[in-house]
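The values are calculated or read from the model by the stated rules, or taken from the named source; none is laboratory data. For clarity, every value in this text was computed on a predicted model and none was experimentally measured. We place every Cβ from the backbone using ideal geometry, glycine too, and count neighbours over all the protein chains shown. Note: areas computed on protein heavy atoms with side chains; ligands, DNA, RNA excluded. Shrake-Rupley method; radii C 1.70, N 1.55, O 1.52, S 1.80 Å.
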Amino acid sequence: MADRVTVIGWDGSPLTGAATAALSAATLVAGAAHHLALPEVPAHAERIRLGSIDLAARRIAGHRGSAVVLADGDPGFFGVVRNLRAPVHGLEVEVVPAVSSVATAFARAGMPWEDARIVVAHPRTLRRAVNVCRAHHKVAVLTSPGAGPAELALLLEGVHRTFVVCEELGTAREQVSVVTSERAADHVWRDPNVVIVIGGGSEPQAAGAWIAGHDPGGPRGVRGWALPPEMYPPDPRGTGGEGESPELRAAQLALLGPRTGDLLWDIGSGGGALAVEAARFGAAVLAVDSDPAACARTAAAARVFGVQIQVVEGRAPQVLERLPEPDVVRIGGGGAAVVTAVTERRPERIVTHASTRDEAETLGAALTGHGYAVRCSLLQSVELDTSAWSERERSVVFLLSAVRSDLAP
């Protein structure tokens, strides 16, 4: 095993004394081509072009002497330190950090970033990174070949965002460009780059902020979920607020488990209560309804709670054909035809409900026949008037939950 392993972060600034001393004693140096070209790299040292971290770690583990690994930015932040310290390699490392590329990107943009979400986009995680950009106002994306600004923009189709694209930070070729997401897809961007994705309403106020990324208390300081109907904008036609009971909504959300990186379809979104609460959990949400008034209420609810929701006016199942792939789906109506159309997109989980047993059996058969494991519960809730402890309203509904068969326990 190498006598000493030092990981040096590089941000384009002159190397520190500690970094220079470690390099001068190195008998093996690993890094990208621009790292290995630095004048401080000893001519006598063995050089490894850093491609696969695992391969490099094995070479370092078998080396006798002092090894140095050079990496862009802060190597402890989504960097090589975690891979090198993995138990399979058994390497203990010393770290000489540098300014992270995310911090540099926000500095170039002149923006604060304690309220930003930070994601890594690889071809295999690109869709989830895009979902975070759909759901949040400020996101920094550490890109990779095949998952860069153009690919982000293409998957964000229909969602307007501003991109601050920072190419080759810390080098003589550094360039910062501000473009709309629609225009970003038409450009060829140089690697490496960091993209700051901004949009979807005014910037949240961070006065009194105490935690990075987001406030776990939720936007607008509202505590709790499955909120009562009066918390949501009323229907101007006089039919009240959100039509479904909070108890049903709570059960649906619990079964779906929407989370950061997910895309939830809320089909038949009504007044938008479930869509809003899924967005408060951090999921990206597409709220679909054929009623223009319902779409307007959903958009208003999103503004009230300060969350990002893409509202799609159209009739299911036809409108579903042009929507991006969902992770979880709530079906508020439309019958077996909509259920079948949703199953063809293979989300992980689906919830729907029925008012009669015959309808529940029809929906359950459609789900089971298309490769889902189905459970059904009869939910009854009774709201009481606590002034007289008398029954005010009763709700009875069949709740169906479905998990894709390959994921079912």
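Arranged from highest to lowest average of other beta-carbon atoms within 10 Å per residue, in what order do the peptides 398-406, 283-291 appear? Don't skip to the answer; put the middle values down first.
Numbers: 398-406: 18.9, 283-291: 25.1.
Averaged packing, sorted descending, gives the order 283-291, 398-406.
Computed from the coordinates I sent, volume of the Cα convex hull per residue in Å³ equals one of (i) 161; (ii) 174; (iii) 144. Tell me the label.
Here volume of the Cα convex hull per residue in Å³ agrees with entry (ii).
According to a simple spin-label model (label point 7 Å from Cα along Cα-to-Cβ), what is the distance in nm between Met231 and His122?
3.8
If R₀ is 22 angstrom, what is the calculated FRET efficiency for the pair Asp291 and Ala337, using the beta carbon separation as r and rounding to 0.05? List each step's numbers first, then the result.
Working: r = 18 Å, r/R0 = 0.82.
For R0 = 22 Å, the calculated efficiency reads 0.75.
Nearest 500 deg cm²/dmol is fine: what mean residue ellipticity at 222 nm does the chain get from its DSSP H runs of n ≥ 4 alone, each adding -39,500 (n - 2.57), divided by its residue count?
On the way: 13 runs with 111 residues, N = 409.
Per the formula, -7500 deg cm²/dmol.
Which value, in Å², gives the accessible area per residue of the stretch 61-163 when a 1.4 Å probe is used on the protein heavy atoms?
44
If a paramagnetic tag sat 7 Å from the Cα of Val222 along the Cα-Cβ line, which residues of the stretch 253-291 would have the backbone N under 11 Å from that point?
Within reach of a label on Val222, which here means backbone N under 11 Å from a point 7 Å along Cα→Cβ, the stretch 253-291 contributes 272-281.
Quickly rank 125-134, 250-259, 17-26, 183-192 as a protection proxy: mean count of other C-beta atoms within 10 Å, highest first.
Working: 125-134: 22.7, 250-259: 19.3, 17-26: 17.0, 183-192: 14.7.
By packing density, highest mean first, the sequence is 125-134, 250-259, 17-26, 183-192.
Full extension from His44 to Val88: what is 0.36 nm times the residue separation minus their Cα-Cα distance, to one decimal in nm?
Values: separation 44, 0.36 × 44 = 15.84 nm, distance 2.91 nm.
Fully extending the segment from His44 to Val88 adds 12.9 nm.
Rounded to a whole number, what % of the accessible area of the stretch 18-128 do carbon and sulfur atoms account for, probe 1.4 Å? Present the calculation step by step, with values, prior to reporting the outcome.
Numbers: 3130 of 5590 Å².
Looking at the stretch 18-128 in its full context, I get 56 percent from C and S.
How far is it, in nm, from the label point at Arg357 to the one at Ile211 when both lie 7 Å from their Cα along the line to the Cβ?
4.6
Let me make sure I get this right: for the stretch 325-390, a, b and c are the square roots of the gyration tensor eigenvalues over alpha carbons, sorted descending. Under 1.5 in a/c it's rounded, otherwise prolate if a/b > b/c, else oblate. Which is it?
Details: a/c = 3.01, a/b = 2.19, b/c = 1.37.
Cα axes put the stretch 325-390 in the prolate bin.
Beta carbons within 10 angstrom, averaged per residue: use that to sort the peptides 34-43, 71-80, highest first. Mind showing how you got there, number by number?
Values: 34-43: 14.2, 71-80: 21.3.
Descending mean neighbour count gives 71-80, 34-43.
How many nm is it between the label spots at Glu325 and His34, if each spot is 7 Å from the Cα in line with the beta carbon?
3.2
Per residue, how much accessible surface does the stretch 340-409 expose to a 1.4 Å probe? Answer in Å², no decimals.
That works out to 60 Å² per residue.
Does the stretch 276-405 classify as rounded, prolate or oblate by the C-alpha gyration tensor (a ≥ b ≥ c root eigenvalues; a/c under 1.5 gives rounded; else a/b over b/c gives prolate, otherwise oblate)?
Working: a/c = 1.90, a/b = 1.11, b/c = 1.71.
Oblate.
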